[in-house]
Structure formats: C-alpha cells, structure tokens
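Any read-out appearing in this document is the output of simple, stated calculations on the displayed coordinates, not a laboratory observation. Just so you know, these numbers come straight off a predicted model, no measurement behind them. Backbone-built Cβ (ideal geometry, glycine too); neighbour counts: all protein chains shown.
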Amino acid sequence: MPTSQTLYEKIWNAHVVEQRDDGTCLIFIDRHLVHEVTSPQAFEGLRVAGRRVRRPDLTLAVPDHNLPTTARLDSDGQHVPIADPESAQQLEALERNAPEFGIAYINATDIKQGIVHVVGPEQGFSLPGTTIVCGDSHTACHGGLGALAFGIGTSEVEHVLATQTLQLTRSKSMEVRVEGELGPGVSAKDVVLHITGVLGASGGTGHVIEYTGAVIRALSIEGRLTISNMAIEHGARAGLVAPDDTTFAYLKGRPMAPKGAQWDAAVAYWRSLATDTGAVYDKVVTINAADIAPSVTWGTSPEDVLPITGIVPDPSTFADPSKQEAAKKSLAYMGLTPGTAMTDIEVQNVFIGSCTNSRIEDLRAAAAILKGRKKAANVKWAIVVPGSGLVKHQAEAEGLHRIFIDAGLEWREPGCSACLGMNPDKVPAGERCASTSNRNFVGRQGPGARTHLVSPAMAAAAAVTGKLTDVRELMN
Amino acid sequence: MKPISSVIGRAYPLGLKNIDTDIIIPAAWLKTISRSGLGKGAFQSLREVPGNVFDDPAYADAPILIAGDNFGCGSSREHAAWAMADLGISAVIAPSFSDIFSGNAFKNGLLAIVLPQDAIDRLMEVAQTDSIHIDLETQTVTTPFQDRFAFEIDPFRKHCLINGVDEIGLTLKSSDAISTYETKISASQPWLTPNIA
C-alpha cells in the first residue's frame, strides 16, 4: 500500500465497492443530482425494466435547463404556463417522475430552486470527500468543495438510479498549481480561462485535476466552484480543490449538511483528505498568477483564450495545421479579422449567469462595476440571472438588483438561461455576447450566436462601454 | 445493448478537431423525452454548409465517421450518441475522445476507436473512395489497400460490446456487495446521509 496518496486517490479508494481483475471498479455514488433534460429516458428505462431507485435518499431533483427566466407566477399567484410545448413536456416529466420514484423534488417556484450546480453546494447536499454525479458535464463544479464530481450520460443516470454505483476505471491525476497572487480585476473566471488556454480543450482528458497553490487557497468557495466548474472545458473528468477551513465555514449550518456531533465527525474526516506530502501526480502544471490578466475568448473553443489586452490572432501563425484550419473556421463564424484589438470588438448582448458565474460573489463583482453607470446604447439585451432563488433573495437584500435595473439590465428568475440555447433566452444570429457562461461553441447561445467568455466584472464592463473592455479601466 | 463485433463500410471523412456535442446535436433537440429520431438534428450546423460530407451521396448511409482530436468534447448529453446512431453511424475513429462521450458511445454500442493522427490521415484518404473494416475481436482497422492499424480498448468494454451486456443487470448481480458497502459506511460515516426534508 502506498503511504502517500493524493486527494483523488483517497476519495476513489473510499468508494470502491468491488474491483474486477481487469481494473474496472464498482464505485459507490453518494449524491445524485437530477434535472429535466438528461433524466426522462433514464426513468423510462427503469419503468420498462421494472426497476426502482435504490437510494432516493441520496438523490435530489431540480428543474433548471428549460425554465424560462421570466416571472413564474402572475399577479394572482397563478403559475405562468410554459409556452414551448416540448420544454413543458420535459419539465412535467420530471415533476411526475420524481414522486413516482420517491425522489425529493424542488419545484420551479420554490426559493431553493436554481441551477443544479448552485443548489447542491448551497443546500449542503454536496459535501467534501463524496462522489457526486449528475447528467450534466459541469458537475465537475462541486469539486470546488473537495468532492469527486463528474458528469454522466443518461445510461449512467439510469445505472446510478438503479444501483447507486457506476462501473468506472481510475483516471490519471494532474496537479494544476497556481502560485502567486492575483492582480486587481483578475478573478477565478480569469484563472480558469487562462488554465484552459494553457492546457488546451483536451489537455485534461483522462485526468482528474487537483487545483492547488496559493491562489486557489486564497479563493472563496464561490471562486473555487467557478474554477472546478470549467475543468471539463480543458477535458478533465473532474476537478478538485482540497477541503479546508474556508470549505467548512461555507458548509456549516447549510440545511442538508451534517449537524452537531455529526458535523464534528465529518470535519475530522474531511481534514484527512488533503493530498499527502510526497504523493505523486501523473502530471503537474504550474501557472504563475502574474501571467493572468482579465481574459476573454476570441474563437469557438474555450481554449481560444487571450488577455483582454490581446489582438485577434492570425491563424497562419499557428504551428499546428489542424489548429490553423480550426482557427480560420472560428474567425469566420465569429466575424473577426486577425489583428483587431479585443477591446475594439462591440457587443450587442451581455449575459451574467450560468453555473459558472451566478453566485452571490459573482453578482457583487458585476454590481461593483455597474454601480452608478448605465449600459451602452448599442447593448440591446443585457440580463442578470441569479443561480438560485436564494442567491436572488440575498442579492435583493443587498440591493444589487437595484444597481442592475438602474444600469438598464434585466433582473431575472433563476435557471440555466442563455448559457445553452435551450430555453427562451438566446442570443440572435450574428450578434455578439459578452457572457459569463462556460462554452463558446458554435451555436451554443443560439444558432449563429457569437460568444465571448468573460468574468462577471468583465461582462459588466462590456455592458457599460458596449465593447469588450479591460475592467481595470473602470475600477476606482 | 445490441452485440457488435465489426463495422464494415464507407466512412464520412470529417477530419475536424474539437467536434463538440453542440455540433453533434444542438440543445434545441434535447427537449425530447425519447431516444429516437435525433438523426434529423445531427451535425446541424455542419450540414447547413453546401457540399458537406453528410449530404454527399458518395457517403450516403456510411456507418463510420473519421474525425480529429477531442471528438465529443463539451456536454454530457447522451443525445449525441443517440443522434449519431439514428443517422446510421456505428463507429467513430479519432485521435482522442472526450471521456464522457466515449462512455456514452460505449453504452449505446457505438464504437469510439482511438488511432494516432497518421493513421487518421491515411484513413481520410482511403475514405474518399473505399470502405473501411473495423474488427473489434482482433482490435484492428483495415482497408482494401493492406493498411492495418491496431487499436486499444478497455477489456471490460470490449466484452460488453461483443456480448451486448446489459450493464445494469450485471451490476445488480453485485447487490449484496453494494448492501455490505452501504452498511459499513452508514456505521463509519453516519453523517453521509443528507437531511433531505
């Protein structure tokens, strides 16, 4: 037995139910989050096979992807019907399946409703050292609390519902160490965009990444969730941040977290999870915080990252011919010319939200820039979508919603919104959006939409000037 | 799952890298509550371009797709695998796949074959005119021109694919081991059960 283990190895080893000779392990799953998009076929599969949900007590269902972010109750307190019949059907399926299989369900008008990856940590459902799955690739998010969390497909959703386990092989481990101190205007989002630029969109494939170093240690839980959320954008199976006092302070007293003596026992266990001195990762990448500027994407892959001070690259300067081809296609789709300063690019839309950046700190960062300012006239659509009803409530208690509304932005109901072009919040074809979401893929925010990924403060700055903007110019 | 041991036929020579799941099947198609009928939305943005390989009669009903690095990156949507299967694709050959996509492909009996870039380059050439033969049993991809490329596959996945194993049924045979694990953990870490109201 190795004496020194990584955080990943400790969590993995604690969850092995059985190991087969070929190395495949049956891994126990502690937490399963379910939403409306990737679950209907799984529940149908259970029904057809006459199977039940093994551990409904470890499963939590909440709608998020399809929900419109406009008012859900009318002035008489009646539910506003969902206009899109397919979205309505999918939402109704979850509302029906959850009670049928004995699963707790948070409905669309509950203050606890929100994006699954905001709700899990906020409720204390997501805990350090646990295995967490959800039929959504941004499940990696919960790794910010020190949980081994990863996205799964619908067949695996059905497998977890039926058995509370998954058949898995162990991933390789990678340490991404971010040393130094972040400069002014540089946030967790800029850190993870920068990491994605350095590693590339497939740099983490086959790996679980542990984010370490002074920068990560100094981050709040919201910041750590933002970083781990985008682990999938550099290809990693999951992201992890070792749990510490910041983690415990965040979780203490949350509704579904352990209480009293149970809490003390849990914290004692969580403290034992950190990677041991001398443990070896399969790969180590070191990043200096001084190299990270407020960042922005120029292309249609999250690896297409530049500092905001950069210029649109010339594809012919890329060494890899396949990258040249991809960059040419990206620039044609994005309507950009090599050599253009990023700060000269006008945006018509601004989206502040998504499981990456819709927590209270994100909204505070955006509000700090927007306070006393107005959105530019060329910005036609700018929305702020809190990650949950509780985030919305907290933001309103702090008066942040007034700042957004006074600046000319719309203040919405919680949900996935304009991150993925599935609900009514979409960016029109050919228009640009400064977006705090996680993907700039072709058509991601709607057919023909052009996405520039940025931090909440950078999105706020773009709203004010109507162009991609170095937020540092609007500070103080 | 239907057993699969070989795929023989023409291949779409797509070749692009970072083909993400939004390209394979856009989100607007994810509102379905069934697994079928998604082929119509498969590769929608690519198919809007005149002269694309998917609508080229030379490759009509090709069962194989050849792509670049990091195929299936992005979302966990299994709809990507369903859409490709609905389009008639039984195998994808690429230098690398996203972890989630290759898992989803496997669960649907869609082969995700990893070969190095030089093999991909050669197969892209062959695909213009001739068929490609993938044999899972011998773990080889061959062409009518004596090309022979060996590929690796996880032995458990290979076994499941060739025998069409129902993975849930297989895991349920371990129900006692799962129960033993649950009993052990609820004693040593009683705080693990959430306070779901």
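Below is a table of values for the structure above.
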quantity: Partner aspartates and glutamates for B:LYS158 [C-alpha distance under 19 Å; skip if fewer than 8 residues away on the same chain]; calculated: A:ASP21, A:ASP22, A:GLU156, B:ASP99, B:ASP135, B:GLU137, B:ASP166, B:GLU167
quantity: Descending principal axes extents, the range A:295-474, alpha-carbon based, whole Å; calculated: 53, 34, 25
quantity: Cβ-placed point charges (K, R +1; D, E -1), dipole of the range A:320-408 about Cα centre in debye, nearest 20; calculated: 180 debye
quantity: Positive dipole terminus of the protein assembly as shown, leading residue within A:ALA327, A:GLY213, B:THR171 (C-beta point charges); calculated: A:GLY213
quantity: Chain B: calculated mean residue ellipticity at 222 nm from DSSP helix runs of at least 4, using -39500 (n - 2.57); calculated: -9000 deg cm²/dmol
quantity: Antiparallel DSSP beta bridges within the range A:295-474, percent to nearest 5; calculated: 30 percent
quantity: Per-selection metrics, the range A:205-297 (Cα): Rg and Dmax in Å; calculated: 15.2, 47
quantity: Lys pairs, the range A:295-474 - Cα-Cα below 14 angstrom, 8 or more residues apart or on other chains; calculated: 4
quantity: Dipole magnitude (debye, nearest 20) for the range A:421-471, charges at Cβ of Lys, Arg, Asp, Glu; calculated: 140 debye
quantity: Karplus-derived 3J(HN,Hα), 6.51/-1.76/1.60, for each residue of the range B:3-10, Hz, glycine and proline x; calculated: x, 9, 10, 7, 9, 10, x, 6
quantity: 5 Å binning of all Cα-Cα separations within the range A:257-296, expressed as whole percents from 0 upward; calculated: 5, 14, 13, 11, 11, 12, 15, 13, 5, 0
quantity: For the range B:6-165, share of DSSP beta bridges that run antiparallel, in % to the nearest 5; calculated: 45 percent
quantity: Alpha-carbon radius of gyration plus Dmax, which is the widest Cα pair, for the protein assembly as shown in Å; calculated: 23.8, 74
quantity: Bridge type composition, the protein assembly as shown - antiparallel percent by DSSP, nearest 5; calculated: 30 percent
quantity: Using a Förster distance of 60 Å, the FRET efficiency for A:THR337-B:SER186 (Cβ separation, nearest 0.05); calculated: 0.45
quantity: Percent of Cα pairs exceeding the 26 Å cut-off, where the set is the range A:7-168; calculated: 28 percent
quantity: Furthest towards positive pole of dipole, B:VAL49, B:ALA127, B:GLY74, structure part chain B, Cβ charges; calculated: B:GLY74
quantity: Unit charges on C-beta of K, R, D, E only; dipole of chain B, Debye; calculated: 520 debye
quantity: Among B:LEU136, A:PRO258, A:GLY399 the positive-end extreme of the charge dipole of the protein assembly as shown (Cβ point charges); calculated: A:GLY399
quantity: Projected-area mean, the range B:123-192, by convex hull of Cα positions, square nanometres; calculated: 7.9 nm²
quantity: Cα coordinate range in chain B, projected on the principal axes (Å, largest first); calculated: 63, 39, 26
